[in-house]
Amino acid sequence: MVHRNFMKLQPVQTAGENIFTAYGEGYVSINAVRYNSNLIILPERLIPNWTQATFDTLGIADFELLATLDTEIILLGTGKQLRFPRPQLLQPLIEAHKGLEVMSIHAACRTYNVLISEGRKVAAALIFS
């Protein structure tokens with residue numbers, strides 16, 4: 001028996017904005033295009049391969065990039081599990097007055113879509129490893 005571990009997300013009302021349309025083991029789909037490497041999604045653009053780091057090797061430069069995004073909140077998807085980054089990495093976000101929510105990738109996909117549907121300025125930064 002083959003078990004497929006994926007979730008198709010219901011489309012939200014967005015006018016040409018990037019949304020998550022599905023996710024599964026080791027991938028997400030944005031506007032029906034599949035991705036399986038670290039990325040940042042914003043309503044108006046994608047930043048594929050935003051870092052080559054794994055969760056354990058994330059550096060200050062990765063968070064400095066997040067701090068430059070035109071957004072009020074950043075959802076950090078940390079793989080299948082909830083993992084918190086080292087506190088010193090958060091300094092660029094604190095200085096830029098950016099909110100950060102840490103969650104699994106799947107929770108980040110669902111939360112991003114809800115916030116987009118509410119017209120919020122949100123970004124999701126996903127770390128697959």
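The values are calculated or read from the model by the stated rules, or taken from the named source; none is laboratory data. No experiment lies behind these values; they were computed from the predicted model shown. Note that we place each Cβ from the backbone using ideal geometry, even for glycine, and neighbour counts take in every protein chain shown. Side chains are part of the model used for accessible areas, which takes the heavy atoms of the whole protein and leaves out ligands, DNA and RNA. Shrake-Rupley method; radii C 1.70, N 1.55, O 1.52, S 1.80 Å.
Summing Cβ point charges (Lys, Arg +1; Asp, Glu -1) relative to the Cα centre of region 43-95 gives a dipole of roughly 300 debye.
Think of each Lys and Arg Cβ as +1 and each Asp and Glu Cβ as -1; about the Cα centre, that makes the dipole of the chain roughly 440 debye. The mean accessible area for residues of the chain, using a 1.4 Å probe and ignoring ligands and nucleic acids, is 56 Å² per residue.
Roughly speaking, to the nearest percent, how much of the chain's 1.4 Å accessible area is carbon and sulfur? Carbon with sulfur: 53 percent of the solvent-accessible area. From helices alone, the chain scores -5500 deg cm²/dmol at 222 nm; the rule is -39500 (n - 2.57) for each run of n ≥ 4 DSSP H residues, then divide by the residue total.
Each label point was placed 7 Å from the Cα along the Cα-to-Cβ direction; for Ala22 and Glu101 their separation is 2.5 nm. Among [x] 13.9, 39; [y] 18.5, 66; [z] 14.0, 51, which is the computed Rg and Dmax of the Cα atoms in Å? Answer by label: [z]. Near Leu115, once Lys and Arg are set to +1 and Asp and Glu to -1 for all other residues with Cβ below 13 Å from its Cβ, the sum equals -1. Remark: relative contact order (the chain) = 28 percent; criterion is Cα-Cα distance under 8 angstrom and separation of 6 or more residues.
Taking the chain as the reference, fit the longest principal axis to its C-alpha atoms, fit the long axis of helix 105-117 to the helix C-alpha atoms, and give the angle between the two in degrees, 0 to 90, nearest 10. Roughly 90 degrees, rounded to the nearest 10.
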